[in-house]
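What follows is one structure encoded as structure tokens, with my remarks underneath.
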Amino acid sequence: MYAQEVKSTGLVVKPLDEMSDEERAFQVRIDAGEKIEPKDWMPDGYRKNLVRQISQHGHSEVVGQLPEGNWITRAPTLERKAILLAKVQDEAGHGLYLYSAAETLGVSRADLIDDLLSGKAKYSSIFNYPTLNWADMGAVGWLVDGAAIVNQVALQRTSYGPYSRAMVRICKEESFHARQGFDIMMKMTSGTAAQKAMAQDALNRLWWPALMMFGPPDADSVHSAQSMAWKIKIMTNDEGRQKFVDQTMPQIEYLGLEVPDSTAKLNPETGHYDFSDPDWAEFFEVLKGNGPCNVDRLRARNIAHDKGAWFRDGLMAYAEKRKIAAE
Amino acid sequence: MFEFLLRMGDNTLVLGHRVSEWCGHAPVLEEDIALANISLDLIGQTRLWLGLAGEVEGQGRDADALAFRRDVWDFRNLLICERPNRDFGHTLMRQFLFDLWHFERLSDLSLSVDDRIAGIAAKCVKEADYHLERSKDLIVRLGDGTVESHSKMQTALTALWPYIGEMFTDDALDAKMADAGIAPLPSSQHVRFHKALNETLAAATLMRPTNDFAQMGGRSGTHTEDLGHMLATMQFLQRAYPDARW
């Protein structure tokens, strides 16, 4: 899963000769493909932007448990239930790596979680859409994890060492997730009429939100130049979206499904698929909190946190008692 | 034998399902991961027990048919497995009491004269050992944590106490299994279970309830009201689309 870049640094890229010595040395290292490590000097903007991006990514993994968790108790076979459990467990694990990567930048996980729970921090808009039939478990793996992989594979080359290393590990698991999603879709599209209808319904609902995962069109996100220069962002939103459509359209055809975009077709001149824009007005409404599930997702996380306070406090108190006893 | 295997497989199926209900709602991320892991183990064990049950029955039913196409009265799990999650304290206490019983049971079954049962038990006991280590540790830490965590764990223990007795009550089927050397009598675990339980409760500063009344029925198919609701959710797709393959 991946948190889309919506608002970047807002900074304009300085030419090398206008930078301070420290800034210039930093940029030279990045240009040379070196990794930046936690104790290295870094510009404030770089640090802040990374904290936001990594924590949004972590929050997406954590909230991303909910739409799939919605079907764990209704998985149709023991094998499907086991696979889905393993997948959601992976997502929670990704959340942990990412929070840990963010902590190397001097923030605390508790503060990051408070920002998520208060609604201050964002997570990927995709998780504010509901999962309404079993084929959604296929479509989420295939489309949502598929879209995430496009971004995350690129992010393995990101300049910040801990983030890059987390991505390497996460990508391995995500490709398993996408494959299991496609496997569910194959089973559904080769199944009964009702199963085919579920598969088409899932594609119809999740296609546009999946395209939105790459963020607004490049023309509307002019601030990403600094993130690109710092190699926090590796490809533009439109590049990622095109790559995703190019890899997914043949799969849709293979499955015998119809993409809910009558303009989507291979352009023989460019070798890429043409396709329509998603409804960006809807995208910005979801970001503002008006998606179909924003309120429910945040409510679920807040309830889990509040009702779990006694558990966390109990463990801390025990640890404190042991510490005192040892002294 | 079929009935005996259902007793083993239904325990892990029903408890595994209950634990999976927590997904995404646990008090802390590490617990989300741990619970998914435990549920995953229990569902994996279910596939082994119910798979063998289907084979032994010889009527063409596989583990999925047994899990998703039987009604409440055909389930043979201990009642404690189907008790609702309530709060996290209940969930942990239920897990601990089950793990303590389960670990001992699987250890015994790994010595069964039936190689298939011994094989499954030997595989599952490693997981059960780890589950017990984790649940015991949490019971101790929360029992001896804050006043509130102590009170939550004590409440959970009291609520679940009547469901322990069923674990050690022998019936005619148990006697047959014991005579055949397949599985020792459930009552033979009683002393070991309570010795280990007392040690953990003492470390956790929890009081052992004095009421010895036992709720019975799960192992012969008379369940609590909760199991029907669980099956309605769990079996929905298989029941609504009986011709589909998933």
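Among the residues of segment B:119-161, which ones have their accessible area go down by 50 Å² or more when all the protein chains sit together, as opposed to their chain alone (1.4 Å probe)?
Output list: B:Arg141, B:Leu142, B:Asp144.
Return the FRET efficiency for the residue pair B:Arg239, A:Glu18: r is the Cβ-Cβ distance, R0 is 51 Å, and the value is rounded to the nearest 0.05.
0.15
Where nothing but the Cβ of Lys and Arg (+1) and of Asp and Glu (-1) is charged, how large is the charge dipole of the protein assembly as shown around its Cα centre, in debye to the nearest 20?
Magnitude of the dipole: close to 620 debye.
For chain B, what is the calculated [θ] at 222 nm in deg cm²/dmol (nearest 500), taking -39500 (n - 2.57) for each run of four or more DSSP H residues and dividing by its residue count? Let's see the in-between values first.
Numbers: 11 runs with 160 residues, N = 246.
Mean residue ellipticity at 222 nm (helix-derived): -21000 deg cm²/dmol.
Compute the relative contact order of chain B as a whole-number percentage, counting only Cα pairs closer than 8 Å that sit 6 or more residues apart in sequence. Kindly include the intermediate steps, with their values, before the conclusion.
Working: 333 pairs, mean separation 58.4, N = 246.
So the answer I get is 24 percent.
Within a 10 angstrom radius of each residue's Cβ in B:235-244, how many Cβ atoms of other chains show up on average? Whole number is fine.
The mean count of partner-chain Cβ atoms within 10 Å per residue comes to 5.
How big is the A-B contact in terms of buried accessible area, both chains counted, 1.4 Å probe, rounded to the nearest 100 Å²? Please list the in-between numbers first.
Values: alone 15820 and 11580 Å², together 23220 Å².
Summed over both sides, the interface buries about 4200 Å².
How big is the dipole moment of chain A about its Cα centre under a simple scheme where the beta carbon of each Lys and Arg is +1, that of each Asp and Glu is -1, and everything else is neutral? Debye, nearest 20, please.
1140 debye
Whole-Hz Karplus ³J(HN,Hα) for segment B:145-153, in order, using 6.51 cos²θ - 1.76 cosθ + 1.60 and θ = phi - 60°, x for Gly and Pro?
x, 9, 4, 5, 5, 4, 5, 4, 6
Can you tell me, using C-alpha contacts under 8 Å and at least 6 residues apart, the relative contact order of segment A:131-216 as a whole percent?
Relative contact order here is 45 percent.
Starting from the alpha-carbon convex hull of segment A:1-110, give the projected area averaged over all orientations, in nm².
If I average the Cα hull's projected area over directions, I get 8.9 nm².
Of A:Lys35/A:Lys233; A:Lys14/A:Lys233; A:Lys87/B:Lys136, which sit over 24 Å apart, Cα to Cα?
Violating the 24 Å limit, Cα to Cα: A:Lys87/B:Lys136.
Compare A:Asp40, A:Asp31 by solvent-accessible area with a 1.4 Å probe and give them largest first, with all protein chains kept in place.
Largest to smallest exposure gives the sequence A:Asp31, A:Asp40.
Keeping all protein chains in place, calculate the accessible area per residue for segment A:261-327 (probe 1.4 angstrom), answer in Å².
Values: 4280 Å² over 67 residues.
On a per-residue basis, 64 Å².
Could you tell me what percent of the accessible area of the protein assembly as shown is made up of carbon and sulfur, with a 1.4 Å probe and every protein chain present?
Working: 12620 of 23220 Å².
Result for the protein assembly as shown: 54 percent of the exposed heavy-atom area is carbon or sulfur.
Kindly report the accessible area of segment B:7-83 per residue (heavy atoms of protein chains, probe 1.4 Å, no ligands, DNA or RNA), in Å².
So segment B:7-83 comes to 27 Å² accessible per residue, rounded to a whole number.
Pick from A:Glu79, A:Glu103, A:Glu239: which residue has the top mean-square fluctuation in a GNM of chain A where Cα pairs under 10 Å get a spring?
Maximum fluctuation in the GNM of chain A, among the listed residues, is at A:Glu79.
Anyone know which of A:Ala264, A:Ala210, A:Ala317 comes out most mobile in the 10 Å Cα GNM of chain A?
The residue with the greatest mean-square fluctuation here is A:Ala317.
Roughly how big is chain B's charge dipole about its Cα centre, with Cβ charges of +1 (Lys, Arg) and -1 (Asp, Glu), in debye to the nearest 20?
It works out to roughly 100 debye.
Along segment A:124-140, what does the Karplus equation 6.51 cos²θ - 1.76 cosθ + 1.60 (θ = phi - 60°) give for ³J(HN,Hα), rounded to whole Hz, x for Gly and Pro?
Calculated HN-Hα couplings, in order: 4, 4, 4, 7, 8, 9, x, 10, 9, 9, 4, 5, 4, 5, x, 5, 5 Hz.
Between A:Trp207, A:Pro38, A:Phe182, whose Cα lies farthest towards the positive end of the dipole of the protein assembly as shown when Lys and Arg beta carbons carry +1 and Asp and Glu beta carbons carry -1, centred on the Cα centre?
Ranked along the dipole, the leading option is A:Pro38.
Which log10 I(q)/I(0) values does segment B:154-246 give at q = 0.20 Å⁻¹ under the Debye formula, counting every alpha carbon as one identical point scatterer?
-1.03
Just reorder B:His190, B:His90 by solvent-accessible area, largest first, 1.4 Å probe, all chains present.
B:His190, B:His90
Take the alpha carbon atoms of segment A:174-253, find their center, do the same for segment A:260-321, and report the distance between the two centers in whole angstrom.
14 Å
Report relative contact order for chain A in percent, whole number only (criteria: Cα-Cα under 8 Å, sequence separation at least 6). Before the final figure, lay out each step's value.
Working: 399 pairs, mean separation 73.4, N = 327.
Result for chain A is 22 percent.
For the protein assembly as shown, what is the Kirkwood hydrodynamic radius in Å, using each pair of distinct C-alpha atoms? Walk me through the intermediate numbers first.
Details: mean 1/r = 0.0387 Å⁻¹.
Kirkwood radius, the protein assembly as shown: 25.9 Å.
Anything in chain A that counts as a DSSP H helix reaching 30 Å or more along its axis (C-alpha) with Kyte-Doolittle mean of at least -0.5? List them, would you?
Taking the DSSP H segments of chain A (at least 30 Å long, mean hydropathy at least -0.5), we get A:78-103, A:161-189.
What residue among A:Ala102, A:Ala197, A:Ala166 has the largest mean-square fluctuation in a Gaussian network model of chain A, using Cα springs under 10 Å?
Maximum fluctuation in the GNM of chain A, among the listed residues, is at A:Ala197.
Quick one: accessible area per residue over segment A:87-223, 1.4 Å probe, rounded to a whole number of Å²?
Normalised by residue count, the accessible surface of segment A:87-223 is 32 Å².
Tell me the mean residue ellipticity at 222 nm calculated for chain A from its helices only (DSSP H runs of n ≥ 4, each -39500 (n - 2.57), averaged over every residue, nearest 500).
That calculation yields -20000 deg cm²/dmol at 222 nm.
The values are calculated or read from the model by the stated rules, or taken from the named source; none is laboratory data. Since the structure is predicted, the reported quantities are computational estimates derived from the model, not experimental observations. All Cβ positions, even for glycine, are placed from backbone atoms using ideal geometry, and neighbour counts span all protein chains on display. Remember, those area values only see protein heavy atoms, side chains included, never the ligands or the DNA or RNA. Shrake-Rupley method; radii C 1.70, N 1.55, O 1.52, S 1.80 Å.
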